[in-house]
Amino acid sequence: MVQRQVPNPAELLDLMKFKKPEFNGKRRRLDSALTIDDLRTIAKRRTPKAAFDYTDGAAEGELSLTRARQAFQDVEFHPGILRPAPDVDTAVEILGGPSALPFGIAPTGFTRLMQTEGEVAGAGAAAAAGIPFTLSTLGTTSIEGVKAANPHGRNWFQLYVMRDREISYELTRRAAAAGFDTLQFTVDTPVAGARLRDKRNGFSIPPQLTLGTIINAIPRPWWWYDFLTTPKLEFASLSTTGGTVGELLDAAMDPTISYDDLAVIRDIWPGKIVIKGVQNVEDSVRLRDAGVDGIVLSNHGGRQLDRAPIPFHLLPEVRTAVGDDFTVMVDTGIMNGADIVAAVALGADFTLIGRAYLYGLMAGGRAGVDRTIEILRTEIERTMRLLGVASLAELEPSHVTQLTRLVPVARAASEVVVR
């Protein structure tokens, strides 16, 4: 029989521990975000539909993005036991310099569209965290403005080759003069992908006030207040504005980009150069042999060719083909620190986050980007401890199995056992 007693008031008082209320709304909502998905939910609530969909969406049926995220979810970890890792070292050496974490901020275009602090928030948060920040050619803060926001940290510049080549050359020279140490030469955007969410939303740069956008703005007055009371939203490095994203990209980009363009840029650029948008093993080897400093396995966040290869799936084969001494980075689909740990285990030297950073930006400006980095840092450290590794160098392919959903038909047929 259960023994019962009259509740002891002193014991009740011990149970009554009330959390100190947080009156700062931004801090309260960011503290409630425990994952990048939580930040995405907050971002969607606080950002007009056209701007959020531009960030969140991908090309056509968005299969490439869905598959890339699924690939990271389809990972099985293999922890070691009785291997204490009370302290973990998340620092890496990448492209001749340090990073406190195995990821940096990827280049994103039109960033002030998502939240008015834009690239300044990203660069400042990267500086505080000790990780690289990458400015896009289509950024809304100037090269010099990013340098001012991150004067002592590592700044990288992402370059598109324009129809007017001299524009690209001048941007390259400006980034070098500002002390940017790495150039990401992007090769997967000869023309714009079909970003159907943007077309359905009538999305343009700068945003246009229509009946639909006005109705959508009613519950988000803070975004429009920022938009209307801060400097005009425009490209910091380009003079062309006005039109849909696809029209702007098609007008600026050149489908004739080739290795000849790479050779010219290499002659201009004094620092490290990596090729962003590599999507097969053969190109990886060819670029290594061409003498570039590294590659980024990327399908542009699923925003260009839908049904493109999944970068995370390419990683093991590319690493084997190019050897251990060539820098291989990965982006697309990263939403958790465990994704980053898995990528490093399978051979990535470094990773880049795009949407994860922008979700934080939309959720809370600079403080939201800080929260993104803190969430990923916590997940990385926890995953490493649970795997029983004290440093990133201890991660090995044996720690990870990539579970398979998408198997090429020819390979699947060859593996059928005849009974």
Inside region 1-83, counting only helices (runs of 4 or more DSSP H) that do not spill past its ends, which hold 1 or more residues that are closer than 19 Å to Asp370 by Cα, over 18 Å from the mean Cα position of the chain (by Cα) and modelled with pLDDT of 85 or more?
-> 25-31, 36-46
With the condition kept exactly as written, say whether any residue in region 346-355 is of a type outside the set (Lys, Arg), part of a helix (DSSP H, G or I), modelled with pLDDT of 95 or more and out of contact with any Lys or Arg (no Cβ under 8 Å at 6 or more places or on another chain).
-> no
Go through the residues of region 358-366 one by one and say whether even a single one is closer than 19 Å to Thr401 by Cα and either assigned to a helix (DSSP H, G or I) or out of contact with any helix residue (DSSP H, G or I) (no Cβ under 9 Å at 6 or more places or on another chain) (or both).
-> no
Could you list, in sequence order, all residues of region 69-117 that are of a type in the set (Gly, Ala, Ser) and closer than 18 Å to Leu358 by Cα?
-> Gly104, Ala106, Gly109
Single match in Val400, Val389 (criterion: closer than 22 Å to Ala100 by Cα, at pLDDT 95 or above, surrounded by 14 or more Cβ atoms within 10 Å (Cβ to Cβ) and β-branched (Val, Ile, Thr)) = Val389
(1) in contact with an Asp or Glu (Cβ under 9 Å, 6 or more places away or on another chain); (2) surrounded by fewer than 16 Cβ atoms within 10 Å (Cβ to Cβ) all hold for His152 apart from (1)
For region 191-202, state whether one or more residues are in a helix (DSSP H, G or I), at pLDDT below 90 and open to solvent by less than 30 Å² (accessible area, probe 1.4 Å).
-> yes
Going through region 296-327 in order, the residues found to be outside any helix (DSSP H, G or I), in contact with a helix residue (DSSP H, G or I) (Cβ under 6 Å, 6 or more places away or on another chain) and either closer than 24 Å to Thr182 by Cα or without any contact (Cβ under 8 Å) to a residue 40 or more places away in the chain (or both) are Leu297, Ser298, Asn299, Phe326
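The values are calculated or read from the model by the stated rules, or taken from the named source; none is laboratory data. For clarity, every value in this text was computed on a predicted model and none was experimentally measured. Note that each Cβ is placed from the backbone with ideal geometry, even for glycine, and that neighbours are counted across all protein chains shown. With ligands, DNA and RNA removed, areas are computed over all heavy atoms of the protein, side chains included. Shrake-Rupley method; radii C 1.70, N 1.55, O 1.52, S 1.80 Å.
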